[in-house]
Amino acid sequence: MSETVYPVPAQWRDSAVISADAYETMYARSKNDPHAFWLEQAQRLDWIKTPTQTDNSSFHKADFAINWFEDGVLNVAANCLDRHLDTRGDQPAILWAGDDPSEQRTITYRELHAEVCKFANVLKDQGVRKGDRVTIYMPMIPEAAMALLACARIGAIHSVVFGGFSPEALAGRLTDCDSSIVITADEGLRGGKAVPLKANVDAALALSHSVTRVIVVQRTGNNVPMTAGRDFWYHALAAQASTDCPAEPMNAEDPLFILYTSGSTGKPKGVLHTSGGYLLWASMTHAYVFDHKPGDVYWCTADVGWVTGHSYVVYGPLANGATSVMFEGVPNYPDHSRFWQVVDQFKVTTFYTAPTAIRALMREGEAWVDRCDLSSLRLLGSVGEPINPEAWEWYNRVVGKGQCPIVDTWWQTETGGHLISPLPGATALKPGSATKPLFGVFPEILDNDGRVLSGAAEGILAIAKSWPGQMRTVWGDHERFFQTYFASYPGKYFTGDGARRDADDYYWITGRVDDVINVSGHRMGTAEVESALVAHETVAEAAVVGMPHDIKGQGIYAYVTLNANEVPSEALRKALIQWVRHEIGPIATPDVIHFAPGLPKTRSGKIMRRILRKIAEGEIHSLGDTSTLADPSVVEALVRDRVLQP
Ligand code: PRX
């Protein structure tokens, strides 16, 4: 890993929202006087009742609880909209760039406020009440943001399901949170292709029976089947809806949303975030990490179906009164300069994307970047996976012209927002390092036995104390929440990531230490792909591991043992790949199907994944001890038939 250090540029030292001195002072205060620090930070929100309490959390089994600002009352949507109307009602809140470059929309804060109120009234008319779950399965159009905010306005809990997930995956999520309503669109548009969202909802509703209402936003206008009495066009309902909708007063600890994410075992978990702490965290980190200033045009390329879209397309920027760019398309359509055209066109100042996109665009060459005017950019960000120093250097040199700091933000769906990240005016950068913890974040590096390592060290990354944006529970399974995150290392939040801390106290995330893989910045549980594979009629057993992939970071390597009467073939390989796409969605497409007559198992029948990982990584000379295997010859066959990265 590179150890080049990029000092804070002189112009940033003097003008940034947080300077180096301020970082040190504020970090110390967040540690030594947290109550006062958080009461002060709470002032960045508008409260209906200002909290007098701050942290009331314990990670220990006996009194396990996570609570912040418990006596505070607020409304998240009012914080994102109403409070800006006097000062910036006519400022764009959302600048929308369509998949087709000729399509764009500008929505001011005043317009967004009116649209959200209308949407909220539509939901109320459909019987949605405080605490009800509303599933949102939408393309990246402004109505998606409006739907989120409409739920927040009336206190309904939204559960956004990424539009790339299959009907099966959608059905599982609908059932898990017992959602009675789905908001979708006729179709989505990505890279010039239509995504059959409404048809997928129809297929999902054949599998899941909680839903009684489907609200359909018109996006492409193509014909889609509508079930009378169940499906309604949004524009028809909205035509009669008022633009006046009072914001529901919510306790700080009332739920705001559920977002499903993959874990190392079982089905995806419904991560629950609440209102006060989450919004405070999204707003504070957006302001400090992106050095948000009036006049900025801020663009986070994430889809609203992921936590990055929740915290850094919608809630963080809108809470701060920012202008947030929302992008429907993909980086390489109509051509490889699309990102840079959008930057040029909207004069984007702050650009936040994933390393996988940077690597893919880097491969296409600099000319695609150079044909656009990127002089508006002042800050770049990276999220979702470790950024390799080559991609970092390219991002810095070709996109940032050596003038824009890069904030490499480490966080998770569970954390609500950034936990470890540079602050551009305070932190010297090291390519590949997420650098330092933010205020109130106390990371620890543990050895396998849970001992806290001091100084320069490498091990498991844990967080010692709660922070306001932390998830509060797994929907419907509080015990699973405790077991997953707090049981392995008592008294600490276990992140699932490994990390190294260097002699300057900089953190370097080394990747997941559990059975989660990170494909193009998207989290995928190997167990989910395995259960999709074994659900196929030809498959007896499957084991899935990550493999290095030049663009995606990690690819999906699947070892498959067929039933005794089945014969491996190219056709079957393709059929299995299709099957997984159908069961989960295109993001779970296996890169490799390795037909394996047998899998390495211990004598007690446990699959030795360590060996499978090494083979997939091509590290066949460091397989370690195989003597405990029931049948060591299995490994030789696997090594012989190893499939190289396609
Ligand atoms: O492994 C870490 C990786 O992504 C995981 C979280 O994924 P998810 O919940 O989908 O959230 C993605 C958006 C934050 C982490 O456990 N990860 C995320 N950001 C980084 C990262 N790994 C290294 N560096 C990062 N900046």
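Please work out if SER166 is hydroxyl-bearing (Ser, Thr, Tyr), without any contact (Cβ under 8 Å) to a residue 40 or more places away in the chain and over 18 Å from ALA77 (Cβ atoms).
No.
Identify, by number, the condition in (1) surrounded by fewer than 22 Cβ atoms within 10 Å (Cβ to Cβ); (2) free of Cβ contacts under 8 Å to residues at least 60 places away in the same chain; (3) not small (Gly, Ala, Ser) that ILE551 doesn't meet.
Unmet for ILE551, out of (1) surrounded by fewer than 22 Cβ atoms within 10 Å (Cβ to Cβ); (2) free of Cβ contacts under 8 Å to residues at least 60 places away in the same chain; (3) not small (Gly, Ala, Ser): (2).
Filter the range 243-280 for residues that are assigned to a loop (DSSP other than H, G, I, E, B), touching a Lys or Arg at 6+ places or on another chain (Cβ under 7 Å) and away from the ligand (no atom under 16 Å from the Cβ) and give the result.
Within the range 243-280, THR243, CYS245, ALA247, GLU248 meet the criteria.
Which residues, counting only those in the range 472-529, are closer than 30 Å to ASP55 by Cα, part of a loop (DSSP other than H, G, I, E, B) and within 11 Å of the ligand (Cβ to nearest atom)?
Those that are closer than 30 Å to ASP55 by Cα, part of a loop (DSSP other than H, G, I, E, B) and within 11 Å of the ligand (Cβ to nearest atom): VAL513, ASP514.
Among the residues of the range 564-581, is there at least one that is on the phi > 0 side of the Ramachandran plot and in contact with a Ser or Thr (Cβ under 7 Å, 6 or more places away or on another chain)?
Within the range 564-581, not a single residue is on the phi > 0 side of the Ramachandran plot and in contact with a Ser or Thr (Cβ under 7 Å, 6 or more places away or on another chain).
How many residues does the range 599-646 hold that are among the charged types (D, E, K, R) and within 15 Å of THR561 (Cβ to Cβ)?
Count: 4.
Taking GLY127, is it of a type in the set (Gly, Ala, Ser) and surrounded by fewer than 20 Cβ atoms within 10 Å (Cβ to Cβ)?
It is true that GLY127 is of a type in the set (Gly, Ala, Ser) and surrounded by fewer than 20 Cβ atoms within 10 Å (Cβ to Cβ).
Among all residue pairs at least 6 apart or on different chains, which show Cβ distances below 6 Å where the first residue, located in the range 378-395, is within 12 Å of the ligand (Cβ to nearest atom) and the second is polar (S, T, N, Q) and in a helix (DSSP H, G or I)?
VAL383/THR308
Select from the range 413-436 the residues that are within 11 Å of the ligand (Cβ to nearest atom) and surrounded by fewer than 21 Cβ atoms within 10 Å (Cβ to Cβ) and list them in ascending order.
Selection gives THR413 alone.
Within the range 567-592, how many residues are over 20 Å from VAL516 (Cβ atoms), buried (at least 19 other Cβ atoms within 10 Å of the Cβ) and touching a residue at least 60 places away in the same chain (Cβ under 8 Å)?
The total comes to 0.
List pairs: first in the range 505-530 and in contact (Cβ under 8 Å) with a residue 60 or more places away in the chain and under 23 Å from PHE162 (Cα atoms), second acidic (Asp, Glu) and within 12 Å of the ligand (Cβ to nearest atom), Cβ under 6 Å, 6+ apart or cross-chain?
Hits for this filter: ASN518/GLU385; GLY521/GLU385.
Looking at the range 323-342, can you tell me whether even one residue there is closer than 12 Å to LEU377 by Cα and touching a strand residue (DSSP E or B) at 6+ places or on another chain (Cβ under 6 Å)?
Checked against the condition, which is being closer than 12 Å to LEU377 by Cα and touching a strand residue (DSSP E or B) at 6+ places or on another chain (Cβ under 6 Å), the range 323-342 yields at least one hit.
Could you pull out the residue among ALA171, ALA145 that is under 19 Å from THR274 (Cα atoms), touching a helix residue (DSSP H, G or I) at 6+ places or on another chain (Cβ under 7 Å) and of a type in the set (Gly, Ala, Ser)?
On inspection, the qualifying residue turns out to be ALA145.
Can you name the residue in the range 402-412 that is in contact (Cβ under 8 Å) with a residue 12 or more places away in the chain and more than 10 Å from the ligand (Cβ to nearest atom) and, of all such residues, is nearest to the chain's Cα centre (by Cα)?
Looking at residues that are in contact (Cβ under 8 Å) with a residue 12 or more places away in the chain and more than 10 Å from the ligand (Cβ to nearest atom), I get ILE406.
Determine which single condition ASP254 fails, assuming it passes every other condition in (1) touching a strand residue (DSSP E or B) at 6+ places or on another chain (Cβ under 7 Å); (2) more than 22 Å from ASP132 (Cβ to Cβ); (3) among the charged types (D, E, K, R).
(2)
Go through the range 1-61 and tell me which helices (runs of 4 or more DSSP H), entirely inside it, have 3 or more residues that are within 24 Å of PRO431 (Cβ to Cβ) and modelled with pLDDT under 95.
Hits in the range 1-61: 10-15.
Out of the residues in the range 226-242 meeting the condition of being touching a helix residue (DSSP H, G or I) at 6+ places or on another chain (Cβ under 9 Å) and in a loop (DSSP other than H, G, I, E, B), tell me which one is surrounded by the most Cβ atoms within 10 Å (Cβ to Cβ).
Here the residue is ALA241.
Read through the list (1) more than 30 Å from LEU377 (Cβ to Cβ); (2) surrounded by 24 or more Cβ atoms within 10 Å (Cβ to Cβ), then give the number of the only condition that HIS286 fails.
(1)
If you check every pair at least six apart or on different chains, which have Cβ atoms under 7 Å apart with a residue in the range 554-566 that is under 13 Å from ARG613 (Cβ atoms) and without any contact (Cβ under 8 Å) to a residue 40 or more places away in the chain first and a residue that is in a loop (DSSP other than H, G, I, E, B) and among the acidic types (Asp, Glu) second?
Pairs that qualify, where the first residue is under 13 Å from ARG613 (Cβ atoms) and without any contact (Cβ under 8 Å) to a residue 40 or more places away in the chain and the partner is in a loop (DSSP other than H, G, I, E, B) and among the acidic types (Asp, Glu), are ILE556/ASP591.
The values are calculated or read from the model by the stated rules, or taken from the named source; none is laboratory data. Because the structure is predicted, anything quoted here is derived from the model rather than measured. As a convention, Cβ positions derive from the backbone with ideal geometry for all residues, glycine included, and neighbour counts pool all protein chains shown.
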